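The values are calculated or read from the model by the stated rules, or taken from the named source; none is laboratory data. Model, not experiment: these values are computed from the prediction. Note that each Cβ is placed from the backbone with ideal geometry, even for glycine, and that neighbours are counted across all protein chains shown. SASA here: full protein model, heavy atoms, side chains in, ligands and nucleic acids out. Shrake-Rupley method; radii C 1.70, N 1.55, O 1.52, S 1.80 Å.
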Amino acid sequence: MRNPLARNAFRMLLAAAALAGSGACRDVIRLGPPPVLDDRLIVYAALDADSAWHPLAVWPAEKGRLLTTAEARLYRASAGSADAAWELVDATIELHDRDVCRPRYPFAGGSLCLRFEAVLEPGSTYRVEVASEGRATAAGETGVVGPFTVESAALSGGEESATLTAAWTPSVLAERYVVSVRRFNVRLIGGERGWFTDSGGTSITTGVPGSAIRNALEPLTLDVVSFDANLWAYLTTGSGGDGFSIPPVQNVEGGFGVVGSFTFRSRPLAFGGAP
């Protein structure tokens, strides 16, 4: 991500869901008897069509174990193929410093960090496969959401009773959009949580709490993130708990985690004037 601060809503959602989700996966493994689960991988791959670099975080499902090597492959579905046919786009075994993955996966402190290099085609389907010696291959497929434009963004009313009105063009394959007022405090654990809401359409009119405006970064900016169905489902499902943890909806076969996509846009947010 070229601007981690601007992608506050995405990081907050992904971090919160993954902290609960990966813990849920591990609780299920710890409480469940089948030892065959011990060789699984957890994979997080959130693809961004705006970037040519796509970091992914990988680590073992069982507690107390570390990975030292992994191989990741990225495939694109062949256009016009009646059957499932995949074209290899990139493959890598190169491990990167965790700082490469941390802006996108701030929760994945003990993981391996790999990175694909590829220009993605919005609307196309991609497959991520990750293998590590002695472990089952983990794989997931997703469509890549497309670019969009925030056409208007304005706040009206007073600071304690402001109304946000915004509209944007459609993002191809988007399941949901997350909208937030950019804030200066981007801490994901502890401190005051930022404000955000979501929309299934391409416009929104909603109240904004005064705390969101008081904590907003100047000049006021609206952030909008489009999510594909896989990433959105993962971020908004699952629950924690010591005895009955429920993992989030996942689309990684042979392992745990999510392969999904997102696209980020922003626009200056007018207050009391024309959007």
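Of all residue pairs spaced 6 or more apart or on separate chains, those with beta-carbon atoms under 9 Å, a first member in the range 154-175 that is in contact (Cβ under 8 Å) with a residue 24 or more places away in the chain and a second member that is among the acidic types (Asp, Glu) and open to solvent by less than 60 Å² (accessible area, probe 1.4 Å) are LEU173/ASP228; ALA174/ASP228; GLU175/ASP228.
Return yes or no: is LEU88 over 28 Å from ILE246 (Cα atoms), open to solvent by 40 Å² or more (accessible area, probe 1.4 Å) and modelled with pLDDT of 95 or more? Against the criterion (over 28 Å from ILE246 (Cα atoms), open to solvent by 40 Å² or more (accessible area, probe 1.4 Å) and modelled with pLDDT of 95 or more), LEU88 qualifies.
Just the residues that are open to solvent by less than 50 Å² (accessible area, probe 1.4 Å) and more than 21 Å from the chain's Cα centre (by Cα), please, taken from the range 93-136. Matches in the range 93-136: ALA131, SER132, ARG135, ALA136.
The sole residue among PRO55, PRO35, PRO60, PRO103 that is farther than 30 Å from THR197 by Cβ and either aromatic (Phe, Trp, Tyr) or modelled with pLDDT of 65 or more (or both) is PRO60. ALA18 meets all of the listed conditions (1) buried (at least 19 other Cβ atoms within 10 Å of the Cβ); (2) at pLDDT 50 or above but one, namely (2). Residue check: is GLY140 open to solvent by less than 10 Å² (accessible area, probe 1.4 Å), in a loop (DSSP other than H, G, I, E, B) and of a type outside the set (Phe, Trp, Tyr)? So GLY140 does not fit the description; no. Looking at the range 213-259, which of the residues that are crowded, with 21+ Cβ neighbours inside 10 Å and among the aromatic types (Phe, Trp, Tyr) is farthest from the chain's Cα centre (by Cα)? The selected residue is PHE256. The residue that is modelled with the lowest pLDDT, counting only those in the range 160-172 that are surrounded by 15 or more Cβ atoms within 10 Å (Cβ to Cβ) and either touching a Leu at 6+ places or on another chain (Cβ under 9 Å) or assigned to a helix (DSSP H, G or I) (or both), is ALA162.
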